[in-house]
Every structure is written in C-alpha cells, then in structure tokens.
Amino acid sequence: MSGRLAVYRRLFAYLRPYAGQMMLAYGAMLGATLLNLFVPQVIKEAIDQGLAQRNGQVLFFAAALILGIAVVRGGAGFLQRYWGEWLTHRVAYDLRNDYYIALQRLPFSFYDRSHTGDLMSRATGDISETERFAGIGLLELAGVLLLLLGVVVSMFVVDWALALLALLPVLSLVALGLRFGVVVRPMFQRIQEQLGLLSTVMQESMTGIGVVKAFAREPYEFEKFDTISDEWFRRRMGVIRTWGDYWPLFTFVLAVGVFLMLWFGGPLAMEGAISVGSLFAMISYLLMLNGPAQQLGNLVNLAATAGASAQRVFEIIDTPVEIKEAPNAIELNEIEGHVAFEHVSFAYEGSDRVLHDIHFEAPAGKTIALVGPTGSGKSTLVSLLPRFYDPTAGCVRIDGIDIRTVTLRSLRRHIGMVLQEPFLFSTTIRENIAYGVENAAEEAIIAAAKAANAHEFIMRFPDGYDTRVGERGVTLSGGQRQRIAIARALLYDPKILILDDSLSSVDTQTEHLIQQALATLMRNRTTFIIAQRLVTLKNADCIYVLDGGRIVECGTHEELVSREGLYRKIYELQLKAQESALDM
C-alpha cells in the first residue's frame with residue numbers, strides 16, 4: 001500500500017511549483033461547494049417561514065438568494081474548471097519533459113532491451129491518463145470528498161438523529177468507492193501494459209512494412225495484432241464488468257438513504273418533532289450526493305488508471321543511468337587524438353563477454369581498420385570510444401586520459417561517427433548535414449557535402465539542400481543516405497573519426513570518389529574504419545583482425561596477406577575478387 005501511495009505523492013509533487021494556481025482552483029472549488037451546501041438551508045427556511053406561514057416576502061427573498069448563489073457559483077465554477085485544466089496540462093508538460101529528458105540520458109544498453117512502441121505508449125497514453133487525474137481529476141475528487149463531509153456536517157446541524165441514520169449509507173458510499181479503486185487499479189496496470197505491447201507490434205509492423213509486403217505476410221501480421229488487440233479488449237471488458245457490478249450499488253445505497261429518511265423522518269414531521277423544511281433539507285442533502293457518488297466511482301477509476309500509468313512513466317524516469325560522469329569530471333579540450341585500448345573486456349547485460357583483453361594503441365592521425373567475421377566485436381569495440389558503453393574491465397584512453405574522467409559532452413565533441421545503418425531525420429538535407437553544428441555556415445555545409453560526394457545528387461533535387469528526406473530518409477537511396485551521414489560527420493570536424501562499415505551502401509565508383517575526399521580529410525585525424533572493402537584496408541596504417549572478441553592478428557595489408565592467418569582467409573574468400581576488379 002505504501003508503494004501505491006508513494007506513486008501518488010510523487011505525482012502530486014508536480015503540483016507544488018504552482019501553488020498560486022492551486023490556491024485559485026481549490027479556492028474556487030471550496031467556494032462553489034459551500035454555496036451548494038447553503039442552498040438546502042435556504043429552501044428549508046422558504047418552506048418553514050414562507051410556505052408554512054404564508055409569508056411571500058420570505059419566499060421572494062429565498063428565490064433571489066438562490067438566484068444570486070447560482071450566479072456566484074457559476075463564476076466559481078468557471079475559475080475551478082479553468083485553473084483545474086491549466087494544472088492538468090502543466091503537469092503533463094512537466095512530466096512529459098522529464099520523461100523525454102530521461103530517455104535522452106539513458107544509455108544504448110537501455111534501448112537494446114526496450115521496445116520503441118512501448119516507450120511511445122508511455123509517452124502518449126500513460127502520460128495522458130496521468131494528466132487527467134493530476135489536475136482537474138484531483139480537484140474534482142477533492143470537491144466530492146469535501147461535499148461528502150459538508151453534507152454530513154450539515155445534516156447533523158439540521159437533525160442529529162436523522163443524520164445518524166443517513167451516516168450508514170454515506171459511509172457505505174465512501175467504502176464502495178475506495179474498494180472499487182483497490183480492485184480496478186491492478187486491472188488498469190495490466191491494460192496499460194497490454195497497450196504498450198499493442199503499440200510495439202504496430203510500430204514494428206509499420207517500420208518493417210517493406211519486409212511484410214515482400215514476403216506477403218500481411219495476414220500473419222493482422223492475426224498477430226488481432227490476438228494482442230483481443231487480449232487488450234478482454235482486459236478492458238473486465239474493468240467494465242467490475243464497473244457494472246459496483247455502479248448499481250451506488251444508486252441503491254442512496255435509495256436506501258432516502259427510504260430511511262422518509263420511513264423514520266416522515267412520522268416525526270407529521271408529529272411536529274421536526275419541521276417539514278428540515279425533512280426536505282435532509283432529503284435534499286442526501287440526494288445531493290447522487291451525482292458526486294456516481295462521480296466518485298469515475299474519479300476513483302481515474303485515480304486507479306493514473307496511478308498505474310504514472311508508475312509506468314516513473315519506471316523509465318527512475319531507470320539508472322549506467323554511463324555516468326565522474327563527480328569531478330574534467331573538460332576534454334584540445335586533443336591530439338592518440339587512442340589506447342588497455343586490456344579492455346566487455347559483456348552486454350546478461351550475456352557472455354563479447355570482447356576479451358583488447359590491447360592496442362592508435363597513434364594520432366593514423367587510420368586503423370578493424371576486420372573480422374560477423375559478430376567478432378568490431379562495432380562493439382568502437383562503441384566504447386564515445387562511451388555508448390563502458391568496458392567491464394580495462395579502460396580506454398585519449399591522449400593518456402581515461403575517458404571515464406571527462407565530461408560526456410566534451411568527449412563526444414571530438415568524435416564523429418557514421419554508423420552502419422545511417423539515420424536521417426525527417427527534415428531537410430541541409431539540417432541533417434548540419435545536425436551536430438549549431439549555426440553552421442552554408443559554405444561549410446556545401447563543402448562537407450562535396451567532400452562526401454553528395455553535392456551533385458543533392459543539386460539534382462528541385463529544392464536542393466532544402467529537400468525534405470522523409471521519415472528515416474526514406475526518399476533517398478541507401479548510398480545517398482550514407483553520403484549525407486558522412487557529410488554530417490565531416491562537418492562536425494572531429495579529431496577522431498569512426499566509420500562503421502559506412503561504405504557498405506555505395507557503389508565502387510562512388511566509393512572511389514569518397515575515398516579520395518576522405519584521404520584529404522583524414523589527414524591529422526585518428527580514424528577507425530570497419531570495412532569489408534579492399535581499397536579501405538590497403539590504405540589503413542594498421543589492420544586489426546578480430547575473431548570471437550579477441551585480436552588475433554595485426555599489421556598492414558601486405559603483412560597480413562603474407563601470413564597464413566584469418567586475414568589471409570578473408571582475403572581469399574572476399575577481397576581477392578575486389579583486387580581483380582580494381583586492376584581491370
């Protein structure tokens with residue numbers, strides 16, 4: 001129970017910075033509630049002092065007073081709704097920002113085990129469910145509870161004996177509402193989890209729509225989605241059935257209260273023990289709970305949903321950041337670019353080691369090629385350099401400085417990357433190239449594009465550099481996306497450049513042009529290249545051959561070909577044909 005309350009306490013903490021707005025909203029709610037409680041008293045006096053004694057002046061005064069109360073209550077209701085909605089959307093704004101910031105800070109390892117669809121479901125559906133309760137929902141719940149308390153007190157003021165009779169149904173209403181919340185909260189937790197799974201399946205299907213259509217798997221995808229959607233519907237219907245079980249009880253309990261008032265209060269009124277106006281006021285107070293009692297069920301429902309959703313959002317916000325800066329981290333300013341891997345080992349969470357005692361140095365300005373079979377650890381090795389992951393043993397140094405002792409921002413400012421699968425944002429080509437450099441000059445953007453051999457095809461588009469590339473750069477070919485990604489890294493102008501198989505999507509002619517440009521641009525830069533192209537390997541200052549997460553060979557192309565090792569086998573199977581093609 002304490003864990004559940006902790007979720008709500010944390011959620012309500014988002015309201016604290018807005019104490020002024022809360023005072024306006026809750027003050028208006030308090031005023032409207034008190035005015036509501038005053039109306040039966042006015043009617044009581046109108047019956048006892050006006051109708052019973054045939055005093056028209058009292059009736060007129062009572063009617064005018066009720067009209068005035070309605071006007072004031074309308075104004076208070078407006079303020080309650082306005083500031084309640086303001087708090088709702090402000091909490092959503094802050095919570096969504098915290099969630100997004102948390103996602104940005106989480107390391108690659110988090111995304112290795114997470115599903116994009118589920119994360120999107122939390123950012124949209126869960127936060128939407130949470131915001132509805134944190135602002136206007138909580139305000140209305142407070143208003144309902146205040147009205148319940150006010151009705152009980154007012155009934156005791158009118159007649160304590162009848163109030164005791166009414167207390168049983170009132171307390172029963174509260175107990176039913178709280179019980180309903182306890183029952184449905186875990187049900188809503190399971191509904192939100194299923195919704196996250198549903199979003200994941202939809203996202204994967206849309207992302208891989210080309211594969212789905214190529215293999216004619218639309219029926220399979222529909223069946224998979226339908227199965228998960230059916231489970232979501234089944235869980236949602238479970239809540240509706242529970243709701244249906246409880247809802248009639250709220251109405252029945254109120255009916256029992258009115259029955260008790262008439263059964264016991266009617267004879268008292270006829271005997272003159274209480275006035276007719278008092279009996280009418282007691283029944284009015286009880287009937288006043290009809291709407292709030294039903295609303296209480298809705299609000300408890302909303303609170304249960306919000307608690308389940310907030311817990312899913314806080315799970316992400318609270319996910320520990322594995323890649324942390326040291327408390328006294330220093331800025332890595334100007335560097336030469338000398339890189340050293342010192343007895344580095346690494347294992348992904350929950351798996352065996354993928355790197356074993358990697359030890360080598362890359363002198364500043366040199367080109368290092370990494371080659372080996374698929375799964376040998378090449379991409380993992382270069383991912384340690386910008387601290388996408390931290391080694392499980394050993395350390396990585398730049399210019400003799402352990403990279404774990406410097407700030408992440410200053411470290412990554414010196415490292416440019418072109419990943420194996422280039423990602424472009426759904427914006428213009430210009431903005432994609434200039435992504436890492438604020439206020440980049442037009443001349444610099446064009447120079448980087450020319451160096452990556454992208455300028456010519458860019459200018460063939462009607463809008464040139466203002467051409468929008470669509471989601472993930474879908475309107476461009478693989479080679480075009482790769483060249484824009486290379487231009488982005490070149491404009492970044494890093495001292496250390498990582499090309500993770502970045503020439504895999506370009507043809508031989510384009511590769512040759514890019515290699516010519518890179519030959520100039522790599523000068524005085526430490527470059528790590530993961531490649532399967534012979535021309536790249538031949539130009540490297542040193543080649544490290546990885547197998548099973550270990551360095552098994554190193555040397556230049558000529559030295560490695562002359563040996564009877566793994567590189568020679570790779571050369572014979574994959575690279576020799578390229579050499580023949582180059583000689584033609």
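The values are calculated or read from the model by the stated rules, or taken from the named source; none is laboratory data. Remember, predicted model here, so these are calculated numbers, not experimental data. When we count neighbours, we look across all protein chains shown, and the Cβ atoms used for this are built from the backbone with ideal geometry, even at glycine.
Below are the figures for this structure:
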read-out	value
Out of S172, S229, sole residue that is in contact with a Leu (Cβ under 9 Å, 6 or more places away or on another chain), among the hydroxyl-bearing types (S, T, Y) and under 24 Å from D245 (Cα atoms)	S172
Filter result (of a type outside the set (S, T, N, Q) and either in a helix (DSSP H, G or I) or not assigned by TED's automatic domain parsing to the domain that holds L165 (or both)) within the range 271-289	E271, V276, G277, L279, F280, A281, M282, I283, Y285, L286, L287, M288
Residue within the range 173-182 that is touching a Pro at 6+ places or on another chain (Cβ under 8 Å), of a type outside the set (S, T, Y), assigned by TED's automatic domain parsing to the domain that holds L260 and farther than 30 Å from L103 by Cα present	no
Unique residue being among the polar types (S, T, N, Q) and either closer than 27 Å to H414 by Cβ or crowded, with 22+ Cβ neighbours inside 10 Å (or both) when the list is T467, T427, T475	T427
Some residue of the range 190-200 being modelled with pLDDT under 80, in contact with a helix residue (DSSP H, G or I) (Cβ under 8 Å, 6 or more places away or on another chain) and exposed (fewer than 15 other Cβ atoms within 10 Å of the Cβ)	no
Residue selected from the range 482-508 under the condition of a type in the set (D, E, K, R) and over 18 Å from R412 (Cβ atoms), by the criterion modelled with the lowest pLDDT	D507
Meets criteria (of a type in the set (F, W, Y), surrounded by fewer than 18 Cβ atoms within 10 Å (Cβ to Cβ) and farther than 21 Å from L490 by Cβ) for Y348	yes
Candidate set from the range 12-28 (those that are under 17 Å from E85 (Cβ atoms) and aliphatic (A, V, I, L, M)); member that is surrounded by the fewest Cβ atoms within 10 Å (Cβ to Cβ)	M23
Any hit, the range 559-572, residues being among the small types (G, A, S), surrounded by 15 or more Cβ atoms within 10 Å (Cβ to Cβ), under 20 Å from G365 (Cα atoms) and at pLDDT 80 or above	no
Test: residue in the range 367-375 that is more than 30 Å from G125 (Cα to Cα), crowded, with 21+ Cβ neighbours inside 10 Å and among the polar types (S, T, N, Q)	yes
Tally, over the range 438-477, of residues that are part of a helix (DSSP H, G or I), at pLDDT below 85 and touching a helix residue (DSSP H, G or I) at 6+ places or on another chain (Cβ under 6 Å)	2
Helices (runs of 4 or more DSSP H) fully within the range 65-149 counting 3 or more residues that are within 17 Å of the chain's Cα centre (by Cα) and loosely packed, with under 15 Cβ neighbours inside 10 Å	108-112
Count of the range 368-401 residues which are part of a helix (DSSP H, G or I) and touching a helix residue (DSSP H, G or I) at 6+ places or on another chain (Cβ under 8 Å)	1
Scan of the range 408-437 for residues that are more than 23 Å from R105 (Cβ to Cβ) and in a helix (DSSP H, G or I), ordered by number	I429, R430, E431, N432, I433
Residue, farthest from I368 (Cα to Cα), within the range 536-556, restricted to residues that are crowded, with 20+ Cβ neighbours inside 10 Å and among the small types (G, A, S)	G549
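For (1) without any contact (Cβ under 8 Å) to a residue 60 or more places away in the chain; (2) in contact with a Phe, Trp or Tyr (Cβ under 6 Å, 6 or more places away or on another chain); (3) among the charged types (D, E, K, R), each residue gets a yes or a no:
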residue: L299; (1), (2), (3): no, no, no
residue: L302; (1), (2), (3): no, yes, no
residue: H356; (1), (2), (3): no, no, no
residue: F360; (1), (2), (3): no, yes, no
residue: A364; (1), (2), (3): no, no, no
residue: L370; (1), (2), (3): no, yes, no
residue: V382; (1), (2), (3): no, yes, no
residue: G394; (1), (2), (3): yes, no, no
